[in-house]
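To start, the structure itself, in structure tokens.
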Amino acid sequence: MPEPRTIAHSDGRHVAMPLGGIGTGTVALGADGGLRQWQLHNVGNHRGDLPGSFLAIRATQWEPPLDELRVLQARPVPGPHAPTPLVTDDAIPGWQARLASRYGFGSARFSATYPSARVTLADDAVPLDVTLEALNPLVPMDEDASSLPVVMLTITLRNTGRYPVHGQLGAALQNAVGHDGVSPIDGVQGAGYGGNTNRVARGTGWTRVVMENHTLAPEHAGAGQLVLAVDDPGAAVLPQWRRPEEFLAFLRGAT
């Protein structure tokens, strides 16, 4: 089977790979590594956005001195471009563009063959090649397994320099349980919010942040959970934050 074509993020403005199980809603992965088009609330919305939801890395060295924070997204490409016909796959939320402009990688390359996608990120100031692999739960002829409400992400780091690199990986996700899926979210305030809580659960080799909204009746259309999980039972957790900079400050101080 031939290798999938790889494109630079500067040539992939119209790329939006859907991730999610059958009938469970989706989030799209852009060629730049950004996560957008959040459609988790039983309504289609190509402009669906969860502000402050992103992946990040801190890379450090003692000698030569290095301490760099990066979000796993390439910096936006300047200049005008033709919009994606009929849909908004080229649209990058303003907060995400600003965050990537300051903390993004210098370049990204994207390749995909459904149900998996890969984004490779590189930056002259960071002696690492970072690969983000995203996988949908697709099992041919197995409807139940293919309908799991999950997105699986694997991040691989390769040291491109001569000296050891230390640091942390981070994942931030907004608690959107109860949101209507359409109304704009202002920071961490949105329609249907109120009573949203985050709790940390550890066990069986995993750390989970379980996100809920206790004001909703079980039969409410927006009731349910969001869960952010990592296969590390001792992962550091920031259960609450208001702005991406708060999470990045936490990542800089995590050990």
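When R102, R162, R109 are screened for being touching a strand residue (DSSP E or B) at 6+ places or on another chain (Cβ under 6 Å) and among the charged types (D, E, K, R), only R109 passes.
When restricted to residues that are of a type in the set (A, V, I, L, M, F, W, C), under 17 Å from G52 (Cβ atoms) and assigned to a loop (DSSP other than H, G, I, E, B), the stretch 226-253 contains 3. Right, G192: surrounded by fewer than 18 Cβ atoms within 10 Å (Cβ to Cβ), in contact (Cβ under 8 Å) with a residue 24 or more places away in the chain, on the phi > 0 side of the Ramachandran plot and in a loop (DSSP other than H, G, I, E, B) or not? So G192 fails the test. Go through the residues of the stretch 92-112 one by one and say whether even a single one is surrounded by 16 or more Cβ atoms within 10 Å (Cβ to Cβ), β-branched (V, I, T), farther than 12 Å from L72 by Cβ and touching a residue at least 40 places away in the same chain (Cβ under 8 Å). Yes, the stretch 92-112 has at least one match. When the stretch 205-214 is limited to residues that are modelled with pLDDT of 95 or more and out of contact with any Lys or Arg (no Cβ under 8 Å at 6 or more places or on another chain), the one that is surrounded by the fewest Cβ atoms within 10 Å (Cβ to Cβ) turns out to be G205.
Within the stretch 68-91, the set of residues being free of Cβ contacts under 8 Å to residues at least 12 places away in the same chain and either over 13 Å from H9 (Cβ atoms) or touching a strand residue (DSSP E or B) at 6+ places or on another chain (Cβ under 7 Å) (or both) comprises G79, P80, A82, P83, P85, L86. N45 fulfils the conditions (1) closer than 20 Å to V130 by Cβ; (2) surrounded by fewer than 20 Cβ atoms within 10 Å (Cβ to Cβ) except for a single criterion, (1). Looking only at residues of the stretch 2-55 that are under 15 Å from the mean Cα position of the chain (by Cα) and hydroxyl-bearing (S, T, Y), we find that the one that is farthest from A117 (Cα to Cα) is S53. For the stretch 141-164, taking the residues that are surrounded by fewer than 12 Cβ atoms within 10 Å (Cβ to Cβ) and without any contact (Cβ under 8 Å) to a residue 24 or more places away in the chain, the one that is nearest to the chain's Cα centre (by Cα) is identified as D144. Within the stretch 185-204, being within 21 Å of the chain's Cα centre (by Cα) and among the β-branched types (V, I, T) holds for I185, V188, T197, V200.
Whenever a residue of the stretch 1-28 is within 22 Å of F54 (Cβ to Cβ) and of a type in the set (D, E, K, R), its partners that are crowded, with 20+ Cβ neighbours inside 10 Å and at pLDDT 90 or above, lying with C-beta atoms within less than 9 angstrom and at least six residues away or across chains, give the pairs R13/G30; R13/A31; R13/D32; R13/D89.
Considering only the stretch 126-171, state which residues are assigned to a loop (DSSP other than H, G, I, E, B), more than 20 Å from L226 (Cβ to Cβ) and of a type in the set (A, V, I, L, M). Quick ask: steps written out before the conclusion?
The first filter runs over the stretch 126-171 and keeps only residues assigned to a loop (DSSP other than H, G, I, E, B), leaving 136-142, 147-151, 160-165.
Next, from what is left, pick out any that are more than 20 Å from L226 (Cβ to Cβ): 138-142, 160-165.
Those that are assigned to a loop (DSSP other than H, G, I, E, B), more than 20 Å from L226 (Cβ to Cβ) and of a type in the set (A, V, I, L, M): L138, V139, M141, V165.
Being crowded, with 20+ Cβ neighbours inside 10 Å, hydrophobic (A, V, I, L, M, F, W, C) and either modelled with pLDDT of 95 or more or not in a strand (DSSP E or B) (or both): is that true of V119 here? Steps first, please.
On the way: crowded, with 20+ Cβ neighbours inside 10 Å: yes; hydrophobic (A, V, I, L, M, F, W, C): yes; either modelled with pLDDT of 95 or more or not in a strand (DSSP E or B) (or both): yes.
The answer is yes for V119.
The values are calculated or read from the model by the stated rules, or taken from the named source; none is laboratory data. Because the structure is a prediction, the values reported are computed rather than measured. Heads up, the Cβs are rebuilt from the backbone with ideal geometry, glycines too, and the neighbour counts pull from every protein chain shown.
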